[in-house]
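What follows is a set of notes on a single structure, which appears directly below.
The values are calculated or read from the model by the stated rules, or taken from the named source; none is laboratory data. Just so we're clear, the structure is a prediction, and the values are computed from it rather than from any experiment. Ideal geometry is used to build each Cβ from the backbone, glycine not excepted, and the neighbour counts take in all protein chains shown.
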Amino acid sequence: MSGSGKSTVSEIVEEVLRDAGYKVEVLDGDVVRTNLSKGLGFSKEDRDLNIKRIGFVCNLLTRNGVVAIAAAISPYREVRDYNRKEIGDFIEVFCKCPLEVLIDRDVKGLYKKALAGEIKNFTGVSDPYEEPENPEVTVNTDLETPEESARKVLDKMIELGYVDIERLKSAIGTEDEEKIKKRLEDLGYI
Amino acid sequence: MEDRKVVIIGLDCLEPTLVERWIDDLPNLKRIMEEGIYGKIRSTDPPITIPAWSAMMSGYSPGSLGLYGFRNRGDFSYDALKLATSRTVKKKRVWDILSDRGKKVVLLGVPQTYPPNRVNGQMVSGWLTPDTSAQYTYPTSLKSELVDVFGEYIIDVKDFRTDDKERLLREIYAFSNQHFDIAEYMITKKNWDFFMMVDMGPDRFHHGFWKFFDTTHPKHVPGNELSDCVREYYIFLDGRLGRLLKKVPEESVIVVVSDHGAQPMMGGVAINEWLIDKGYLAVKDYPKELTPIRKIEIDWEKTKAWGEGGYYCRIFVNVKGREPKGVVDPGDYDDFLNEIIDEISNMKDESGNLIGNVCFRPGDLYREVNGIPPDIFVYLGNLRYRSVGSLGVGGYITYDNDTGPDDANHSFYGFFAMSGTESRGVRDGISIVDVAPTVLSLFGIDAPDDIEGKAIK
């Protein structure tokens with residue numbers, strides 16, 4: 001749902017994978033709706049079409065060796081299952097967060113407007129959200145840090161063999177960077 | 001071509017005029033030159049270790065690579081200089097392409113290979129490895145194998161900007177000796193079609209010892225006891241090269257190459273002192289002692305430009321809407337650059353002589369400009385002066401280095417020699433980006449269509 005942490009977790013996963021040398025593309029819901037799905041509304045048909053389009057692009061990317069991360073509100077089980085079958089190497093990440101926490105966060109001020117009736121078809125308020133029955137990963141974004149959530153996603157990717165643990169391990173971390181900076185200082189470079 | 005083997009011995013900073021001067025004392029280099037082709041190789045702009053080796057081994061200029069130094073701006077904030085690691089290189093380097101084609105590769109100490117990548121072979125990462133606790137080999141098991149045989153891997157010479165020259169001599173020899181020992185081991189024990197090593201020793205040697213042999217150096221003391229040490233080190237390197245090549249199959253192609261050369265450092269320009277003098281930079285508290293610019297509180301609302309230290313000078317402009325507290329209107333940006341370039345070009349030393357600074361905008365240098373380059377590149381005294389980023393110097397011309405004694409700066413031309421092909425003689429006009437397509441052509445592999453170099457024949 002809106003504000004559940006999809007983009008934040010995606011950004012961390014993206015950065016780790018890029019650091020490890022993977023090609024990554026994030027299809028963020030907000031960005032997709034201004035480009036790929038411009039003109040689509042929020043009826044069930046339009047929402048399904050939006051998610052199918054995202055799934056289609058993800059399929060093209062994954063079959064060419066790019067890790068595709070879709071960070072979009074996808075309220076209906078049926079279309080998520082459709083994409084799962086189409087794509088194959090697929091992980092469904094359920095960004096779970098109680099509605100009251102989301103209303104409290106309300107980063108974009110959307111819940112306030114939805115609750116006031118100013119936004120129609122708002123997922124979780126005036127439109128349904130069908131929770132996944134068997135997601136590969138559930139991240140509890142009200143209880144975990146974004147880094148912990150991202151770790152869960154990456155662990156599942158490793159477990160399913162979608163990414164290589166050695167490659168991820170060899171990615172440079174903040175601690176490494178600090179050590180290198182210290183060495184450069186000692187060498188008189190900085 | 002199916003069975004071809006190619007060996008690259010990289011000697012960081014090896015200076016072609018010194019090779020020429022002492023060639024009769026360097027029999028192994030002389031033989032490679034006589035049996036093949038050789039010449040000066042034009043380094044990257046800027047001519048510094050990173051990005052030079054990655055440009056050499058990818059065939060793309062720093063602009064395409066988005067690499068302008070070992071630290072580059074990650075965004076337009078004031079303190080976001082990010083380290084250039086192996087992950088920063090988005091183009092394939094020769095070993096990636098060869099690995100994809102099933103060729104076996106062995107790499108040792110090549111700059112910008114930490115963290116190590118998966119290759120079809122073996123890799124020991126180079127100079128910007130954090131410390132020996134890091135996973136600096138691919139595969140991981142190679143690390144313990146090498147430690148068992150050679151002890152702790154020497155990533156670099158500690159504190160090479162020092163007045164303790166005796167210790168420095170000892171450490172550089174130990175550093176180079178270990179790398180050649182490991183190279184001999186890898187070249188003998190491992191399966192390879194492409195072998196490449198880079199020794200940083202010559203770079204450390206030039207910075208530490210240039211003034212002792214060069215009678216034109218402002219700090220040269222005639223008759224000093226180290227006056228022959230650079231020649232002796234070149235002879236030592238030549239000897240290790242000869243020993244290594246005895247272990248290489250005879251029909252191999254041998255390339256000896258440096259990423260840039262060296263020249264005497266005449267002094268330093270404290271660029272931020274100069275920018276303050278000219279009213280371009282304002283600080284809240286001028287330091288009482290020498291202090292790096294990053295540790296000084298800058299008055300950004302009154303600052304139009306600031307500079308970074310290093311072997312070349314980088315000027316950054318504080319642009320409104322781009323930097324967090326930018327003041328230069330984007331509409332005035334070009335005029336401002338022209339103004340500051342004009343001022344820098346007219347910079348004089350304390351005797352009133354022009355220093356001979358050379359300025360570039362990134363678009364002047366590169367076909368493509370990726371990442372976030374400095375707004376202006378400055379070669380102070382055309383690289384005969386170093387850029388001093390610190391404040392507290394007292395004036396903008398200095399003969400001391402804020403980061404410790406250092407008597408050489410980089411120069412634009414490195415050394416190149418290649419034997420083992422039909423070609424013979426001197427080659428002019430070789431560019432550093434020509435090496436990658438040359439190696440690929442030796443294996444009969446087409447270079448990427450948009451590569452900037454061309455194969456050396």
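Quick one: which of B:189, B:211 is under 24 Å from residue B:137 (Cβ atoms), more than 14 Å from chain A (Cβ to nearest Cβ) and among the basic types (Lys, Arg)?
Selected residue: B:189, the only one of B:189, B:211 that is under 24 Å from residue B:137 (Cβ atoms), more than 14 Å from chain A (Cβ to nearest Cβ) and among the basic types (Lys, Arg).
Tally the residues that are of a type in the set (Phe, Trp, Tyr) and part of a strand (DSSP E or B), restricting the search to the range A:86-139. Talk me through it step by step, then tell me what you get.
Step one: of the range A:86-139, the residues of a type in the set (Phe, Trp, Tyr) are A:90, A:94, A:111, A:122, A:129.
Filter once more, so that each one left must be part of a strand (DSSP E or B): A:94.
Of the residues in that region, 1 qualify.
Could you pull out the residue among B:383, B:391 that is in contact (Cβ under 8 Å) with a residue 12 or more places away in the chain, aliphatic (A, V, I, L, M) and on the phi > 0 side of the Ramachandran plot?
The conditions single out B:383.
Here are some residues: B:116, B:139. Which one is within 14 Å of chain A (Cβ to nearest Cβ), of a type outside the set (S, T, N, Q) and surrounded by 23 or more Cβ atoms within 10 Å (Cβ to Cβ)?
Working: B:139 fails: surrounded by 23 or more Cβ atoms within 10 Å (Cβ to Cβ).
Within the list B:116, B:139, the selection yields B:116.
When the residues of the range B:358-408 are filtered to those that are in a loop (DSSP other than H, G, I, E, B) and among the polar types (S, T, N, Q), which remaining residue is modelled with the highest pLDDT?
B:370
Could you go through the range B:143-153 and let me know if any residue there is more than 9 Å from every other protein chain (Cβ to nearest Cβ), part of a helix (DSSP H, G or I) and crowded, with 18+ Cβ neighbours inside 10 Å.
Yes; the residues of the range B:143-153 include at least one that is more than 9 Å from every other protein chain (Cβ to nearest Cβ), part of a helix (DSSP H, G or I) and crowded, with 18+ Cβ neighbours inside 10 Å.
Just to verify a result, which residue in the range A:38-51, among those that are surrounded by fewer than 20 Cβ atoms within 10 Å (Cβ to Cβ) and in contact with a Leu (Cβ under 8 Å, 6 or more places away or on another chain), is farthest from the other protein chains (Cβ to nearest Cβ)? Don't jump to the end; show me each part of the working.
From the range A:38-51, those surrounded by fewer than 20 Cβ atoms within 10 Å (Cβ to Cβ) are A:38-46, A:48-49; that's our starting set.
Imposing the further condition that a residue be in contact with a Leu (Cβ under 8 Å, 6 or more places away or on another chain) reduces the set to A:40, A:46, A:49.
On the way: A:40: 33, A:46: 36, A:49: 34 Å.
If we take residues in the range A:38-51 being surrounded by fewer than 20 Cβ atoms within 10 Å (Cβ to Cβ) and in contact with a Leu (Cβ under 8 Å, 6 or more places away or on another chain), then A:46 is farthest from the other protein chains (Cβ to nearest Cβ).
Would you point out the residue of the range A:140-163, among those that are part of a loop (DSSP other than H, G, I, E, B) and without any contact (Cβ under 8 Å) to a residue 24 or more places away in the chain, that is farthest from the other protein chains (Cβ to nearest Cβ)?
Checked the range A:140-163; the qualifying residue farthest from the other protein chains (Cβ to nearest Cβ) is A:143.
How many residues are aliphatic (A, V, I, L, M), modelled with pLDDT under 85 and surrounded by 15 or more Cβ atoms within 10 Å (Cβ to Cβ) when one looks only at the range A:151-181?
Final tally of qualifying residues: 3.
Taking the conditions exactly as written (among the polar types (S, T, N, Q), surrounded by fewer than 24 Cβ atoms within 10 Å (Cβ to Cβ) and either outside any helix (DSSP H, G or I) or within 11 Å of another protein chain (Cβ to nearest Cβ) (or both)), does residue B:99 satisfy them or not?
no
What's the number of the condition residue B:325 fails, among (1) over 16 Å from residue B:68 (Cβ atoms); (2) assigned to a helix (DSSP H, G or I)?
Residue B:325 satisfies every listed condition except (2).
Taking the residues in the range A:1-29 that are assigned to a loop (DSSP other than H, G, I, E, B) and modelled with pLDDT of 85 or more as candidates, determine which candidate is surrounded by the fewest Cβ atoms within 10 Å (Cβ to Cβ). Talk me through it step by step, then tell me what you get.
Here is the first cut: in the range A:1-29, the ones assigned to a loop (DSSP other than H, G, I, E, B) are A:1-5, A:20-23.
Narrowing the set further to residues that are modelled with pLDDT of 85 or more leaves A:1-5, A:22-23.
Values: A:1: 19, A:2: 20, A:3: 21, A:4: 25, A:5: 24, A:22: 19, A:23: 13.
Top of the filtered list is A:23.
With B:205, B:195, B:209, B:236 as the choices, which residue is out of contact with any Ser or Thr (no Cβ under 6 Å at 6 or more places or on another chain), aromatic (Phe, Trp, Tyr) and surrounded by fewer than 19 Cβ atoms within 10 Å (Cβ to Cβ)?
Residue meeting the stated conditions: B:236.
Would you be able to say whether some residue in the range B:252-265 is crowded, with 21+ Cβ neighbours inside 10 Å and within 14 Å of chain A (Cβ to nearest Cβ)?
yes
Which one of the conditions (1) closer than 24 Å to residue A:145 by Cα; (2) without any contact (Cβ under 8 Å) to a residue 24 or more places away in the chain does residue A:69 fail to meet, given that it meets all the rest?
Evaluating residue A:69 over (1) closer than 24 Å to residue A:145 by Cα; (2) without any contact (Cβ under 8 Å) to a residue 24 or more places away in the chain leaves (2) as the failure.
Check residue B:123 against each of (1) under 30 Å from residue B:323 (Cβ atoms); (2) in contact with a Leu (Cβ under 7 Å, 6 or more places away or on another chain); (3) within 14 Å of another protein chain (Cβ to nearest Cβ); (4) buried (at least 24 other Cβ atoms within 10 Å of the Cβ) and name the one condition it does not meet.
(1)
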